[in-house]
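Worksheet for the structure shown next.
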């Protein structure tokens, strides 16, 4: 095949696939700004014929606390990420640079836990939280994710490559181990930290299973659970408002993705453990 | 400090223990204890709130294999995997092969194909429910325009799992594409050059004899991550069917038993079966470290 023809063929295939990928997004947004009468016509033409404006969005914002859902999402994601880093950075540094008896066992335990998803530990953790009266709190939403095995695993790899000579020199200069870790070794792994941060925020922003288990109060629901509560309340008939709600829920991650595409793709693909 | 020289290595080890202690403690609280509790629970008939329980041995596990809902959830998950694994490998690789040689348009396509990976699945599942709606949806409108009969994608038990798998594919193709692009960029150009000198053509033969074998570890990784995400399907079922039209999947069955009916003992047994499936799938990854996999 001639190169021109091959390029033409590959572009047409890619564009067809791209249309399939974008179809739900396009459909979601245009339905959200369509008049209800047009939605029920079920035509294949996505573009609204008459200007309907943002009435569906106003309706959603009036009937569901979307702002509150977003705020909950921000609080939960930020809380999880902070504790994850505060736990994982020292642990990874200890595993990489401060050998101690039993460190292999700890590392093995972390590797084993890496393949245990939240859906497995959810049942006993739920029972424990319910026994302690901790259901329906931000803490309950965050606590199971305080330990990120993936962060420890990833950071340990990075810290290991940090030259021992520099650490030795810093020790001689009188820096404490704590200062060496926070001021020298951790900043050197900044790209890995950024990618991990994106990975963590996306995973917990989109997580539905665990919030569903521990949260029943609407005012504490993160965005996906809020979307579910809203969809159930709408009982599926009002597609204009549903699509407006879905647009609002999806928008923050789409914006983050477009802004930090490189870290985003790296963060998600560094691991299969989504 | 007379012993400063001697005590130095000792204090470093203690520092290490101190720094790793929070992680170790969380590992015990969040993983070890829950797993032990699951094991113990699975041998009882405990129900949340009950004052009393009996030891029932392996009865919960025997019951699982006779439970029509759980068996159906396993079959549904298997059917889902049979669609999603070959589909995810084929389309992920196809898109990667087409994008890889593109220079100017590469990031344009990457963004579009990766967009579904990043979006909240519950929100997009709601959109898909609308797209697949028998009367109002785009897909049936398109089918009718082409002269086909309308299909009840969500309420017909024969169509519901393939429909869920279609949504699963839509969400994972971008992920698989990125993994395959990374795999493709690691194939040394010299191999292609050497093959060209030996008279190998650029098309099918080159793909079958070089690209595909060189990508074996990548494909294995894609198959594993796809299987694990297939075991974990939950959001789309919840949004589209709530388990109606016989569409239960493993996690949905566990969720119902544990958090709706509060049958903790039985749910613990189902959870352990779920964990066993995940562990088997992830341990296939160990094969990846074996370099011979290239030439398998």
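General remarks:
- With respect to being buried (at least 23 other Cβ atoms within 10 Å of the Cβ) and facing chain A (nearest Cβ under 10 Å), residue B:271 fits the description.
- Boolean, residue B:243 is at positive phi, modelled with pLDDT under 85 and surrounded by fewer than 20 Cβ atoms within 10 Å (Cβ to Cβ): yes
- Selection status of residue A:251, facing chain B (nearest Cβ under 10 Å), surrounded by fewer than 22 Cβ atoms within 10 Å (Cβ to Cβ) and either part of a helix (DSSP H, G or I) or touching a strand residue (DSSP E or B) at 6+ places or on another chain (Cβ under 8 Å) (or both): yes
- Matching residues, region A:135-150, being in contact with a helix residue (DSSP H, G or I) (Cβ under 8 Å, 6 or more places away or on another chain) and free of Cβ contacts under 8 Å to residues at least 60 places away in the same chain: A:143, A:149
- Residues located in region B:29-42, provided they are more than 9 Å from chain A (Cβ to nearest Cβ) and surrounded by fewer than 20 Cβ atoms within 10 Å (Cβ to Cβ): B:39, B:40
- Check on residue A:171, free of Cβ contacts under 8 Å to residues at least 40 places away in the same chain, in a helix (DSSP H, G or I), more than 11 Å from chain B (Cβ to nearest Cβ) and farther than 15 Å from residue B:20 by Cβ: no
- Of all residues in region B:100-118, those satisfying the criterion of being facing chain A (nearest Cβ under 7 Å) and in contact (Cβ under 8 Å) with a residue 40 or more places away in the chain are B:113, B:114, B:115, B:116, B:117.
- Selected residue (criterion: surrounded by the most Cβ atoms within 10 Å (Cβ to Cβ)) from residues of region B:187-206 that are within 14 Å of another protein chain (Cβ to nearest Cβ) and touching a helix residue (DSSP H, G or I) at 6+ places or on another chain (Cβ under 8 Å): B:206
- Any chance residue B:95 is facing another protein chain (nearest Cβ under 9 Å) and either surrounded by 17 or more Cβ atoms within 10 Å (Cβ to Cβ) or assigned to a helix (DSSP H, G or I) (or both): yes
- Evaluation of residue A:100 against the conditions (1) without any contact (Cβ under 8 Å) to a residue 40 or more places away in the chain; (2) part of a helix (DSSP H, G or I); (3) within 25 Å of residue A:151 (Cα to Cα) shows that the sole unmet condition is (2).
- For region A:16-31, the tally of residues that are over 14 Å from residue B:131 (Cβ atoms) and more than 9 Å from chain B (Cβ to nearest Cβ) stands at 1.
- The single residue among A:214, A:198 that is in contact (Cβ under 8 Å) with a residue 40 or more places away in the chain, within 13 Å of chain B (Cβ to nearest Cβ), under 16 Å from the mean Cα position of the chain (by Cα) and buried (at least 20 other Cβ atoms within 10 Å of the Cβ) turns out to be A:198.
- Of the set (1) facing another protein chain (nearest Cβ under 8 Å); (2) crowded, with 17+ Cβ neighbours inside 10 Å; (3) over 16 Å from residue B:222 (Cβ atoms), all apply to residue B:73 but (1).
- Residue match in region B:214-226 (condition: in contact with a helix residue (DSSP H, G or I) (Cβ under 6 Å, 6 or more places away or on another chain), in contact (Cβ under 8 Å) with a residue 40 or more places away in the chain and under 22 Å from residue B:128 (Cβ atoms)): yes
The values are calculated or read from the model by the stated rules, or taken from the named source; none is laboratory data. All values reported here derive from a predicted model rather than from experimental measurement. Methodologically, a virtual Cβ is constructed for each residue, glycine included, from the backbone with ideal geometry; neighbour enumeration extends over all protein chains shown.
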